[in-house]
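Here the structure is laid out as structure tokens; the discussion comes afterwards.
The values are calculated or read from the model by the stated rules, or taken from the named source; none is laboratory data. Predicted, not measured: the structure shown is a model, and the values here were computed from it. Neighbour counts are summed over all protein chains in view; Cβ atoms, including those assigned to glycine, are modelled from backbone coordinates with ideal geometry. The area values use the complete protein model at the heavy-atom level, side chains included, leaving out ligands, DNA and RNA. Shrake-Rupley method; radii C 1.70, N 1.55, O 1.52, S 1.80 Å.
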Amino acid sequence: MPINHKSVSATISIIILLFFTLFASVHKGQAQKIDILLKGGHVIDSKNKIDSEMDVAIADGKILKVASNISSENAKKIIDATGLYVIPGLIDLHTHVFVGSNSGFADGFSCVSPDDITLKAGITTVVDAGTSGWRNFPVFKKQVIDRSKTRVLSFLNIAGSGMTGFPSEEDVNDMDPRMTVLVIEQFPDIIVGVKIGHYRGSEWTPFDRALEAGRMANVPLFVECHLPLLPLEGILDRMRPGDIYTHSFCTAIDRMCLLDEQKKIRPFVLEAQKKGVRFDVGHGGGMFHFDIAVPAMEQGLLPDSFGSDLHRYSMNSGMKNMLDIMSKYLNMGMNIEDIVFRATWNSATSIKREDLGHLSEGTVADIAVLSVREGSFGFIDAAGNKMAGDRKLEAELTIREGMIVWDKNGMAAKEWTKK
Ligand SMILES: [Zn+2]
């Protein structure tokens, strides 16, 4: 049989081509570039049960790898995180960030622009606590959510126009579960739940409508309990597993405290906790008291999340930001691993956002690098009481979607030398 030279040379060409393709792909695998390599920090990633010294490699806005001794050969930027905690970006579950030019909260001046406060505190995600409702959510999205570096998620108020104050916020006719659900379904990546907040009537209709919307959209209900005529027991009884109660550790004139006069957790609160109701701090300017938080913690009622209730009038009071609340709990005796768990992974599961709050390979690179400063510090509650403390958490570096968005001491910056 004659040898077909043409077909032999074609076969050789194909083999050479395959060889080079294979070589190129292997080579590409070896040379995977790293945009940022955080070296030697103490990584706490509760979801993945990591609590040790590790390197974190970031590429294309995502976590490439978390391991010990990752080679820095292909890293564009190497940051020494020795002596610091490297954790998932913090999630503040209770904020008011629908800032605008009106008076009050909805589209108003009582809110704050999230980036002004969050990034410098290691917070990469905030959830707005129902400052908008189905009617004005599109304004909120366009005005704040789409323009912020911080990831802004939202609970949607059952009141159609959100937090507009009395009387419009309390108009039962404008509490429409169907419209609320329609808007939630339109923005499933942003809206994570329904909120019921201010209502001074004694009937359950607003609460039940909010619950109905939550049920229909299969999202949690966030209860910001300014509902003076609705008994606490009935509220907790109605709440489903996974629903969230905020302003948990305070005494306030418009509701019953979770603890009784002897500072014991009320039996129906324990029942709710057992059922799976989640308890958020919701510190704010007036909603966190050591007198309640400390005995609650001693009896096992811990915050599931450290929501700050950030707004213009809370952030310069006893409450500074969510990191300040975490420092309070650190000095109250909670260990740092537990604090990080509640501030990241547990907060993410509270809003059913399992894509957040951890450092798994391939997830978005939202990271906080924290220091624990030692010294003499004072922490103030909403009653103006000061608790002395010896440790304080501070955000040294914040990374959002793989970009450095906060660098307190220039740990990622290049050295300046006088020429
Ligand atoms: Zn609030």
Review point. In this structure, does K120 turn out to be in contact with an Asp or Glu (Cβ under 6 Å, 6 or more places away or on another chain), open to solvent by 10 Å² or more (accessible area, probe 1.4 Å) and either basic (K, R) or closer than 30 Å to L393 by Cβ (or both)?
Key: no
Revision key, fill the gap. Only one of (1) among the charged types (D, E, K, R); (2) within 14 Å of the ligand (Cβ to nearest atom); (3) exposed (fewer than 15 other Cβ atoms within 10 Å of the Cβ) does not apply to D237, and that is (2)
Check your understanding: Within segment 188-207, is even one residue open to solvent by 10 Å² or more (accessible area, probe 1.4 Å) and among the acidic types (D, E)?
Key -> yes
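Filter segment 364-390 down to the residues that are among the small types (G, A, S) and in contact with a His (Cβ under 8 Å, 6 or more places away or on another chain), then identify the one that is least open to solvent (accessible area, probe 1.4 Å).
Initial filter on segment 364-390 (among the small types (G, A, S)): 365, 368, 371, 375-376, 378, 382-384, 388-389.
Adding the requirement that they be in contact with a His (Cβ under 8 Å, 6 or more places away or on another chain) leaves 382-383.
Numbers: A382: 31, A383: 64 Å².
If we take residues in segment 364-390 being among the small types (G, A, S) and in contact with a His (Cβ under 8 Å, 6 or more places away or on another chain), then A382 is least open to solvent (accessible area, probe 1.4 Å).
Only one residue in E337, E361 is over 30 Å from S110 (Cβ atoms), in contact with a Leu (Cβ under 8 Å, 6 or more places away or on another chain), away from the ligand (no atom under 16 Å from the Cβ) and open to solvent by 20 Å² or more (accessible area, probe 1.4 Å), so which one is that? If you could, list the steps in order and put the result at the bottom.
Values: E337 fails: in contact with a Leu (Cβ under 8 Å, 6 or more places away or on another chain).
Step by step, each of E337, E361 is checked, and only E361 is over 30 Å from S110 (Cβ atoms), in contact with a Leu (Cβ under 8 Å, 6 or more places away or on another chain), away from the ligand (no atom under 16 Å from the Cβ) and open to solvent by 20 Å² or more (accessible area, probe 1.4 Å).
Having 3 or more residues that are farther than 23 Å from S46 by Cβ and within 16 Å of the ligand (Cβ to nearest atom) is the bar; report the strands (runs of 3 or more DSSP E) wholly within segment 75-180 that clear it. Talk me through it step by step, then tell me what you get.
Numbers: elements: 75-80, 85-88, 90-95, 99-102, 123-133, 151-157.
The qualifying strands (runs of 3 or more DSSP E) are 123-133, 151-157.
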Check your understanding: Pick from segment 289-327 the residues that are in a loop (DSSP other than H, G, I, E, B) and in contact with a His (Cβ under 6 Å, 6 or more places away or on another chain): which of them is nearest to T95 (Cα to Cα)?
Key -> D309
Exercise for review: Within segment 382-419, track down each residue that is more than 18 Å from the chain's Cα centre (by Cα), part of a loop (DSSP other than H, G, I, E, B) and among the charged types (D, E, K, R).
Suggested key: K408, K414, E415, K418, K419
